[in-house]
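No value in this document is a laboratory result; all are computed from the given coordinates. Keep in mind the model is a prediction, meaning the values are calculated, not measured. Note: ideal-geometry Cβ built from the backbone for every residue, glycine included; neighbour counts use all protein chains shown.
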Amino acid sequence: MIRTSRLALALGAALLTSCVLPPKDAPREQAIGDTALGLSTAAMPAVGDSWWHAYQDPQLDRLVEATLANNPTLAQAMARVREAQAMADTAHAGLLPSVSYDAKDTRQRFSNNDIIPPPYNGGIYWEGQQGINLSWDLDFWGKQAALIRQARSQTAAANLDIASARLALAGAVAQAYVELYRNFALAEVARRTEEQRLHILDITRSRVKAGLDTNVELREAEGAVPQAHVELTQAQAAVALSIHQLAALSGRGADAYAEIKQPHLNLDAALPLPQALPADLLGRRPDVLAARLRVEAATDGRAAAKAAFYPDVSLTAFAGTSAIGFKTLFEAASGAYGVGPAIHLPLFDAGRLKANFRGATAEIDDAVAGYNETVLQAVRQASDQLSTIDALNYELGEQQKSLNAAEEAYRLAGERYKAGLSGYLSVLNAETQVLSARRQRVDLVSAHAVSRVTLLLALGGSFDAEAPATAQTASTTQ
């Protein structure tokens with residue numbers, strides 16, 4: 001008889017299930033395939049984990065290591081990993097039985113017209129209950145398993161976010177350090193300019209005494225000196241701002257400013273960079289892999305939303321005591337227990353399940369669109385830097401010729417002016433040209449170094465998709 005009633009309950013639930021079906025919404029977005037991106041057949045050269053060591057500057061090494069240990073952005077990414085792991089543990093706990101102990105003792109009046117027998121009906125007594133309860137969701141339709149897969153994908157994506165943050169931070173420090181190098185170099189150009197103008201001022205004074213120049217040229221030469229000093233002061237202020245930025249990146253404040261000195265970078269260091277977009281570009285970037293995992297997580301979330309339309313089947317059991325009056329609560333005669341299946345099926349929820357399912361389907365489209373955008377950005381960023389580096393290589397060669405010519409023209413103009421063969425205007429024009437060429441040289445060299453670092457970041461840097469996530473996380477916190 002008991003088995004017959006259980007079978008009838010299950011059959012009834014199955015019939016009800018046939019009337020409650022998920023909507024036929026399907027994902028609309030399609031992920032971009034690797035073959036549609038124009039990647040080359042060559043693979044990316046291997047990059048060491050501490051690629052910034054190639055610049056041979058111990059101060060840069062210390063700053064990067066401090067940044068990876070103390071930066072709030074990285075700490076936030078690691079907190080998100082712990083949050084995702086906790087969610088995965090919560091989802092996994094749903095597959096296991098839950099056991100609880102409950103007890104209560106209630107003072108109440110029992111009804112005269114209820115099942116409570118005399119002498120208790122109509123009286124006021126304590127009613128006590130205590131016992132152990134067990135519940136076990138059997139997950140017939142795989143909803144909990146889908147939630148577990150979703151949580152695991154989210155955890156893996158969060159781990160990749162750490163790798164992405166680590167890569168971005170190391171690159172940001174290297175780029176800021178190159179900017180500090182640039183500002184120091186521009187300050188040196190300004191200092192040399194000030195020295196040159198002081199030298200020209202001395203020559204002009206001598207020429208005025210000799211009757212070769214007038215006070216007009218003297219005043220022009222005198223006015224050029226404070227102008228050069230202003231430019232030097234501005235360059236020194238830019239140096240200070242770069243130092244402040246590096247200190248903030250490394251998680252330090254004003255106490256670190258005095259510790260950061262002039263860089264001694266080997267800007268000709270050979271970073272392992274390809275000549276074209278590598279075939280394994282998408283597999284080397286942690287942000288692309290994280291976006292792909294979020295598509296998988298959204299797909300599992302949709303599977304869980306679909307399984308919610310079917311009945312939840314669980315096994316329940318209890319064992320304890322129940323009695324009227326506290327004195328008999330723990331007597332053997334007060335014992336009670338039971339075990340059996342339970343089925344939960346929502347018959348009317350005002351469209352909540354269907355709305356959840358449509359929302360889960362939209363999340364897949366959102367995740368796929370995000371993945372496609374990340375992929376296209378990865379290809380564009382790498383392509384931009386390859387083109388920029390090619391252009392800068394050519395510009396550096398041509399600009400070196402221009403600088404050499406300007407330096408020589410300024411030297412000759414100075415000699416002619418000193419010898420009384422030309423006027424101050426020719427020296428001023430030559431100085432303007434050489435000053436512009438020197439600044440341009442500093443800018444091009446710095447831009448070339450920054451572009452190489454940016455390309456390295458766009459190609460995934462030292463990230464290794466085959467390395468365990470725990471190992472990458474550990475290297476981040478060291």
note: the range 358-464, Cα-Cα separations exceeding 20 Å make up a percent value of 62
In whole Å, how far is the Cα centre of the range 155-206 from that of the range 207-282? 6
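Determine, for each peptide in 437-446, 372-381, 456-465, the mean count of other beta carbons within 10 angstrom over its residues, then list the peptides with the highest first.
Working: 437-446: 18.4, 372-381: 16.5, 456-465: 22.6.
Listed from highest to lowest mean packing, they are 456-465, 437-446, 372-381.
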Restricting to lysines and to Cα separations under 17 Å from Lys24, and discarding same-chain partners fewer than 8 apart, the set is Lys306, Lys354
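Please order Val339, Val173 by the number of other Cβ within 10 Å, starting at the fewest.
Numbers: Val339 10, Val173 24.
By the 10 Å Cβ count, ascending, the order reads Val339, Val173.
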So which lysines pass the test for Lys401, namely a Cα distance under 28 Å, with those fewer than 8 places away in the same chain ruled out? Lys418
For the chain, find the longest principal axis of its Cα atoms and tell me its angle to the long axis of helix 424-458, 0 to 90°, nearest 10. 20
Go through [x] 17, 31, 24, 16, 8, 4, 1; [y] 24, 54, 21, 1; [z] 24, 58, 17, 1 and flag the label whose value is the computed P(r) over Cα pairs in 20 Å bins from 0, in percent for this structure. [x]
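Counting other C-beta atoms within 10 Å, which of Phe110, Phe326, Phe309 has the fewest, and how do the rest follow? Don't skip to the end; give the middle numbers.
Details: Phe110 16, Phe326 12, Phe309 19.
Lowest to highest Cβ neighbour count: Phe326, Phe110, Phe309.
From Cα pairs below 8 angstrom and at least 6 apart in sequence, can you work out the relative contact order of the chain, rounded to a whole percent?
Numbers: 653 pairs, mean separation 128.6, N = 478.
Reported relative contact order: 27 percent.
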For the range 163-292, what's the radius of gyration and Dmax over Cα atoms, in angstrom? 23.4, 79
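Quick check on the exposure proxy: order Tyr177, Tyr394, Tyr410 from fewest to most C-beta atoms within 10 angstrom.
Numbers: Tyr177 27, Tyr394 9, Tyr410 20.
Going from sparsest to densest Cβ surroundings: Tyr394, Tyr410, Tyr177.
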Starting from the Kirkwood radius over alpha-carbon pairs of the range 231-375, derive D by Stokes-Einstein at 4 °C in a medium of 1.567 mPa s and give it in µm² s⁻¹. 55
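May I ask for the percentage of alpha-carbon pairs in the range 88-142 that lie more than 13 Å from each other? Walk me through the numbers before you get to the answer.
On the way: 1076 of 1485 pairs.
Across the range 88-142, Cα pairs with separations above 13 Å total 72 percent.
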